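Asks: Below is one structure. I have some questions about it.
The values are calculated or read from the model by the stated rules, or taken from the named source; none is laboratory data. The structure presented is a predicted model; accordingly, all values stated were derived computationally and were not measured. All Cβ positions, glycine included, derive from the backbone under ideal geometry; neighbour counts span all protein chains shown. Surface accessibility is based on the protein's heavy atoms, side chains included, excluding ligands, DNA and RNA. Shrake-Rupley method; radii C 1.70, N 1.55, O 1.52, S 1.80 Å.
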Amino acid sequence: MSASFEFTPENKKRFEEILRRYPTKRAAMLPSLHLTQEQEGYISPEAEQYIADLLEVPVVDVREVVSFYTMFTRNPLGKHHIRVCESLSCWVRGSDEVKETLEKELGVESGGITEDGEYSWEVIPDCLGACELAPMLQLDGYFEGNLTREKVVELLKKQAASKTSGK
Amino acid sequence: MPTLTIDGQEVTVDAGTTVIQAAEQIGINIPRYCYHPGLSLAGRCRMCLVEIETFPNLQIACYTRAQDEMVVSTTSERVLSARQSMLEFLLSNHPLDCPVCDQSGECDLQNFYMDHGQYQSRFLENKVKKKKAFPIGPHVILDQERCILCTRCVRFTEEVSKSNELGVFNRGSRSVIDLYPTKSLDNPYSGNVIDICPVGALTEREFRFKCRVWYLASQESICTGCSRGCNISLDYNGSRRAYKAGGRRVMRIKPRYNPDINKWWICDEGRFGYGFIDTDRIETPMQRTTSDLEPSDWDPALARVAETVKAAYSEKGANGVGVIVSPQLSNEELLACRELFVEKMKLTNVAALNPWEEPGEADDFLRNADRNPNTKGVEDLGYSGDAKAVLEKAAEGEIEVLIIFRHNLADGEAGKLLEKAKFVVYVGTNWNATAERAHVVLPGATHAEKDGTFTNFEGRVQRFKQALLPIGDSRNDSQIISEMAAKLGYSLPASADEIFEAWKGISLDELSGSGSSVDPDTAVQA
């Protein structure tokens with residue numbers, strides 16, 4: 001966690017590039033926030049203020065956008081982040097089971113980080129857009145679908161193994 | 001200029017007028033939550049849906065511009081059913097805690113539900129719980145569950161106060177209006193969000209649970225907080241005894257729309273600056289006998305003033321009596337003072353302004369640095385010279401009797417001069433160090449307790465109306481002056497109406513509207 005936030009020199013260049021694509025600075029809000037999250041892993045209040053200053057908008061406007069979109073997170077996450085879809089299709093097909101399994105296997109509730117800082121997970125109440133895979137989750141942005149208790153356990157094992165094998 | 005038909009009535013409006021405004025012009029009030037004439041359009045609440053011929057879908061009246069030959073219905077079956085549905089949505093997460101809600105009685109959710117409600121609830125689900133009743137600033141309490149997310153308050157902080165404290169966070173049924181963390185709604189105009197909130201989400205900390213709104217009576221008045229002269233309504237305990245509110249009579253102040261001065265807004269200082277009306281008032285005349293001030297009847301107090309004035313007058317002539325009137329007085333009181341002290345008694349030492357007065361905070365919106373409501377009136381009525389010269393003469397003993405209206409001249413340099421004055425008469429509303437030092441104290445009435453006019457800094461003569469009886473034995477100043485004059489052998493009218501009519505040639509009631517604006521060029525607009 002950092003008390004202050006600033007784009008890296010490389011990201012600053014990318015930000016300038018983003019600005020050029022839009023007629024107004026305000027319009028560059030979403031890509032700027034994506035860039036922020038990519039660099040920091042989450043969007044801190046300091047980063048919100050930084051973006052507000054860059055785009056010349058009130059900081060409250062940045063918070064409105066960050067809190068509206070579920071793909072932005074305001075808290076630091078684990079090294080690997082799991083997002084469980086809880087929207088209608090997934091819920092009907094058993095997202096509750098996925099949630100229970102993750103809670104048991106990782107030992108933390110939704111929104112928490114494991115003690116070793118490896119994993120964090122959260123329930124997303126809005127549709128993640130992959131109903132054909134229901135129930136599904138996102139692991140570091142990648143879709144894993146047609147989940148059961150066993151598949152979730154297996155997935156976590158595979159992830160742990162890939163880490164020890166240095167992949 | 002488009003001419004359109006609304007509910008069978010033809011109306012011609014200026015180009016660019018919206019349907020909701022056109023309807024208002026012919027007295028049709030379309031229900032609305034998010035629309036406010038002083039804010040940008042949001043189109044969030046969908047309450048103002050109307051049916052327009054040739055449009056396949058219902059349109060929001062706040063956003064749709066009036067066009068020639070438009071045929072609008074605000075009461076068709078489709079419209080009424082849409083309103084009912086919108087209310088059902090808005091109430092789906094509303095807590096319905098009306099019995100403990102301060103907005104009750106002036107709540108648009110209640111009001112519109114009376115006309116368009118479904119009455120039989122279909123809602124079986126659990127309501128979303130949000131944060132209830134927490135302060136978001138020095139004057140405002142927020143209840144997120146009651147909020148219908150119209151965003152009037154958010155737009156106010158964006159567009160009017162330009163302070164950006166509030167925002168809509170999260171999404172869908174979890175959306176809330178909240179402060180940006182670390183911020184507080186403490187801008188100088190924060191109280192206005194209470195007025196524009198159509199529901200009980202934003203309520204006034206001072207007024208909360210003090211009085212149900214249906215017990216309030218309201219009177220048109222003018223804010224005395226600065227020289228702007230914002231139009232206000234004084235809401236006071238009308239049908240209820242004042243003891244139920246701890247002796248408070250004035251319960252709150254609301255801005256009153258005036259397009260030329262304050263529009264829909266007032267500053268917090270004005271809104272919450274009514275405390276002096278009911279606290280620390282001078283309630284009876286007082287006389288200094290040996291060393292203490294003691295309560296007295298009016299007659300002996302006025303007789304003593306008259307005797308002392310007469311004695312000074314016969315000894316030193318027109319130089320023997322000094323008068324310091326105040327820009328807190330109404331035009332009518334200033335006129336009465338002018339007639340008695342300047343025209344009849346020909347006093348040479350008459351002043352009005354206090355040169356030591358600290359200016360207040362000013363900005364480019366409503367607040368003026370001059371904290372007096374009638375400085376322009378003082379100037380227009382020919383008062384010049386400041387209190388310093390008069391006080392100096394009183395200190396040197398040249399002036400035998402000094403009559404001070406309203407001013408507190410007991411601090412610093414003024415206080416040192418005042419100490420040496422031989423005989424001081426104080427005419428004022430509230431206790432201060434000057435009153436405590438005076439030899440005779442005469443209790444005046446506040447603007448809530450009398451009729452009159454103030455001239456704002458632009459020269460608009462505006463009326464304020466009496467809401468309350470003068471507290472205790474206090475009297476309005478024009479009556480005090482008239483009675484003082486009678487004891488000195490002069491005859492002066494006592495009523496503000498008479499004085500105003502003699503001044504402007506029209507009665508107070510004929511002054512446009514009540515307390516409304518007056519064209520500065522012509523000074524009076526009948």
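Asks: Name the lysines eligible as straight-distance cross-link partners of A:LYS13: C-alpha to C-alpha under 16 Å, and not fewer than 8 places from it in the same chain.
Replies: Cα-Cα hits under 16 Å: A:LYS25.
Asks: What list of ³J(HN,Hα) couplings, whole Hz, do you get for region B:29-38 from phi and the Karplus terms 6.51, -1.76, 1.60, once you set θ to phi - 60° and write x for glycine and proline?
Replies: 3J(HN,Hα) across region B:29-38, in whole Hz: 9, 7, x, 7, 10, 7, 5, 9, x, x.
Asks: While we're looking at this one, here's another question. ³J(HN,Hα) across region A:7-19 via Karplus (A = 6.51, B = -1.76, C = 1.60, θ = phi - 60°), whole Hz, x for Gly/Pro?
Replies: Working through the residues one at a time gives 5, 5, x, 5, 5, 4, 4, 5, 5, 4, 4, 4, 4 Hz.
Asks: Helix-only estimate, please: 222 nm mean residue ellipticity of the protein assembly as shown, summing -39500 (n - 2.57) across DSSP H runs of length 4 or more and dividing by its residues, to the nearest 500.
Replies: Numbers: 21 runs with 202 residues, N = 693.
That calculation yields -8500 deg cm²/dmol at 222 nm.
Asks: For A:HIS34 and A:ASP53, calculate 0.36 nm times their separation in residues minus their Cα-Cα distance, and state this gained length in nm to one decimal.
Replies: Here the answer is 5.2 nm.
Asks: Another question about this same structure. Find the centroid of the Cα atoms in region B:221-279 and in region A:99-167, then give the distance between the two in whole Å.
Replies: Value for the Cα centre distance between the two parts: 60 Å.
Asks: Okay, moving on. Too long at a 20 Å Cα-Cα cut-off: which of B:LYS346/B:LYS465; A:LYS104/A:LYS151; B:LYS393/B:LYS420; B:LYS346/B:LYS416; B:LYS310/B:LYS416?
Replies: Long pairs (Cα-Cα over 20 Å): B:LYS346/B:LYS465; B:LYS346/B:LYS416; B:LYS310/B:LYS416.
Asks: Once you order the gyration tensor axes a ≥ b ≥ c over the Cα atoms, which shape class does region A:9-68 get: rounded for a/c under 1.5, otherwise prolate or oblate by comparing a/b with b/c?
Replies: Here region A:9-68 falls in the oblate category.
Asks: Amide H to amide H, which residues 5 or more places from B:PHE464 or on other chains are under 5 Å from it, using H placed in the peptide plane?
Replies: B:GLY452, B:THR453, B:PHE454
Asks: If DNA, RNA and ligands are ignored and the probe is 1.4 Å, what is the ranking of A:GLU132, B:GLU392, A:GLU118 by accessible area, most exposed first?
Replies: A:GLU132, B:GLU392, A:GLU118
Asks: If packing is taken as the average number of other Cβ atoms within 10 Å across a peptide's residues, how do B:263-276, B:210-223 rank, most packed first?
Replies: Sorting B:263-276, B:210-223 by mean packing, highest first, produces B:263-276, B:210-223.
Asks: Something else: How large is ³J(HN,Hα) for each residue in region A:35-40, as worked out from phi by the Karplus curve 6.51 cos²θ - 1.76 cosθ + 1.60 (θ = phi - 60°), to whole Hz, x for Gly and Pro?
Replies: These are the phi-based 3J(HN,Hα) values: 5, 4, 5, 5, 6, 9 Hz.
Asks: Can I ask one more? Could you tell me what percent of the DSSP beta bridges with both partners in the protein assembly as shown are antiparallel, to the nearest 5? Before the final figure, lay out each step's value.
Replies: Values: 48 of 74 bridges.
Expressed as a percentage, antiparallel bridges in the protein assembly as shown total about 65.
Asks: Calculate the tail of P(r) for chain A: the fraction of all Cα-Cα distances greater than 26 Å, expressed in %.
Replies: Percentage above 26 Å: 38.
Asks: Turning to a different aspect of this structure: Could you rank A:LYS99, A:LYS79 by how accessible they are, 1.4 Å probe, largest area first?
Replies: Final ranking, largest accessible area leading: A:LYS79, A:LYS99.
Asks: Also: With every protein chain left in place, what is the accessible area per residue of region B:3-91 in square angstrom, probe 1.4 Å?
Replies: Numbers: 4230 Å² over 89 residues.
Here the residues of region B:3-91 average 48 Å² of exposed surface.
Asks: For Cα pairs less than 8 Å apart in space and 6+ apart in sequence, what is the mean separation divided by the residue count of region B:456-502, i.e. the relative contact order in percent?
Replies: Here the relative contact order equals 24 percent.
Asks: Looking at region B:308-412, which trypsin sites (Lys or Arg not before Pro) are DSSP coil and have at most 15 other C-beta atoms within 10 Å of their C-beta?
Replies: On the way: sites: B:LYS310, B:LYS316, B:ARG338, B:LYS344, B:LYS346, B:ARG367, B:ARG371, B:LYS376, B:LYS388, B:LYS393, B:ARG406; in loops: B:LYS346, B:ARG367, B:ARG371, B:ARG406.
Hits after loop and neighbour filter: B:LYS346.
Asks: Return the average number of partner chain Cβ atoms within 10 angstrom of each residue Cβ along peptide A:58-69.
Replies: If you average over the peptide's residues, the count of other-chain Cβ atoms is 6.
Asks: Which residues' amide hydrogens lie under 5 Å from the amide hydrogen of B:ARG252, considering only partners 5 or more residues apart or on another chain, with H built in the peptide plane?
Replies: Distant-sequence amide H within range of B:ARG252: B:ASP235.
Asks: Next question, about the same structure. Quick one: dipole size for region B:216-277, taken about the Cα centre, charges +1 on Lys/Arg Cβ and -1 on Asp/Glu Cβ, in debye to the nearest 20.
Replies: Details: 11 positive and 5 negative charges, 72 e Å.
With Lys and Arg at +1 and Asp and Glu at -1, about 340 debye.
Asks: Ok, one more. What residues have an amide H closer than 5 Å to that of B:CYS230, excluding those fewer than 5 places away on the same chain, when H is modeled at 1.01 Å from N in the peptide plane?
Replies: B:CYS223
Asks: Turning to a different aspect of this structure: For a protection proxy built on the mean count of beta-carbon atoms within 10 angstrom, sort B:31-38, B:437-444, B:132-139 highest first, please.
Replies: Ranking, from highest mean packing down: B:437-444, B:31-38, B:132-139.
Asks: Here's another thing I want to ask about it. So how exposed is A:ARG83, as accessible area in Å² (1.4 Å probe, rounded to 10)?
Replies: About 30 Å², rounded to the nearest 10.
Asks: If you wrap a convex hull around the alpha carbons of region B:286-510, what volume per residue comes out, as a whole number of Å³?
Replies: Enclosed volume per residue, from the Cα hull, is 121 Å³.
Asks: Using heavy-atom solvent-accessible surface (probe 1.4 Å) with all chains present, what is the largest-first order of B:GLU483, B:GLU361?
Replies: Working: B:GLU483 50, B:GLU361 125 Å².
In descending accessible area the options line up as B:GLU361, B:GLU483.
Asks: Right, something else. Going 7 Å from the Cα of B:SER495 in the Cα-to-Cβ direction, what parts of region B:424-452 have a backbone nitrogen less than 13 Å from that spot?
Replies: Residues B:451-452 fall inside that zone.
Asks: Could you tell me how many degrees, from 0 to 90 and to the nearest 10, lie between the Cα long axis of helix A:95-106 and the main elongation axis, the longest principal axis, of the Cα atoms of chain A?
Replies: Helix A:95-106 sits roughly 90 degrees off the main axis of chain A.
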